[in-house]
């Protein structure tokens, strides 16, 4: 019975390191990475969102045009909405931004949880001499073992 308890203690210590803080008596627990590869996945997701953010800041869809999936759900303002091929999605965005010059943009929220990572942020642009703001929402999905843009909305 003693050996069973010792074996259980040793195996649980292999999964986590427990340190006692002598001043406070509190335990600090450090867990090992539970799923190898999760850091790489999050890195790929962040890279796509970084490309989108950089492209919008530079007024250039070229930064992220290759990141669109085969089918993209888009809502651009009150008039443009539907499902588009990757090439059509690029054309819609090029047309939209040809009439507007972004003066600032940054994603304020990036969520990499669950199976649908998304990012949202507000941009400020100048259209016909008038300063306007709009909200951008972008979500990704898995397609052929790659992360691609599946939804791109501007409200």
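The values are calculated or read from the model by the stated rules, or taken from the named source; none is laboratory data. Since this is a predicted model, take the numbers as computed values, not measurements. When we count neighbours, we look across all protein chains shown, and the Cβ atoms used for this are built from the backbone with ideal geometry, even at glycine.
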**Message:** Every residue in segment 65-81 that is touching a helix residue (DSSP H, G or I) at 6+ places or on another chain (Cβ under 9 Å) and farther than 20 Å from residue 142 by Cα, please.
**Reply:** 76, 77, 80
**Single condition residue 123 does not satisfy, out of (1) in a strand (DSSP E or B); (2) surrounded by fewer than 17 Cβ atoms within 10 Å (Cβ to Cβ)** = (2)
**Message:** The conditions are (1) under 19 Å from the mean Cα position of the chain (by Cα); (2) touching a residue at least 60 places away in the same chain (Cβ under 8 Å), and residue 76 fails exactly one of them. Which is it?
**Reply:** (1)
**Item:** Long-range neighbours under 8 Å by Cβ, at least six apart or interchain, first residue without any contact (Cβ under 8 Å) to a residue 24 or more places away in the chain within segment 48-62, second in a helix (DSSP H, G or I) and crowded, with 19+ Cβ neighbours inside 10 Å
**Value:** 51/67; 55/61; 62/55
**Request:** Might you let me know whether segment 37-47 holds any residue that is modelled with pLDDT of 50 or more, under 20 Å from residue 134 (Cβ atoms) and surrounded by 12 or more Cβ atoms within 10 Å (Cβ to Cβ)?
**Result:** no
**Message:** So in segment 57-71, with the set limited to residues that are within 19 Å of residue 135 (Cβ to Cβ) and over 16 Å from the mean Cα position of the chain (by Cα), which one is surrounded by the most Cβ atoms within 10 Å (Cβ to Cβ)?
**Reply:** 61
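Take the conditions at pLDDT 95 or above, more than 16 Å from residue 151 (Cα to Cα) and either more than 17 Å from the chain's Cα centre (by Cα) or surrounded by 13 or more Cβ atoms within 10 Å (Cβ to Cβ) (or both) and apply them to residue 54. Does it pass? Walk me through it before giving the result.
Working: at pLDDT 95 or above: yes; more than 16 Å from residue 151 (Cα to Cα): yes; either more than 17 Å from the chain's Cα centre (by Cα) or surrounded by 13 or more Cβ atoms within 10 Å (Cβ to Cβ) (or both): yes.
The answer is yes for residue 54.
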**Message:** So in segment 135-145, with the set limited to residues that are free of Cβ contacts under 8 Å to residues at least 24 places away in the same chain and more than 13 Å from the chain's Cα centre (by Cα), which one is surrounded by the fewest Cβ atoms within 10 Å (Cβ to Cβ)?
**Reply:** 145
**Asked** Looking only at residues in segment 74-87 that are surrounded by fewer than 17 Cβ atoms within 10 Å (Cβ to Cβ) and in a strand (DSSP E or B), which one is modelled with the lowest pLDDT?
**Response** 80
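Identify the residue in segment 88-114 that is in a loop (DSSP other than H, G, I, E, B) and over 18 Å from residue 152 (Cβ atoms) and, among all such residues, is nearest to the chain's Cα centre (by Cα). Don't jump to the end; show me each part of the working.
Step one: list which residues in segment 88-114 are in a loop (DSSP other than H, G, I, E, B), which gives 99-100, 112-114.
Filter once more, keeping what is over 18 Å from residue 152 (Cβ atoms): 113-114.
Numbers: 113: 9, 114: 11 Å.
Top of the filtered list is 113.
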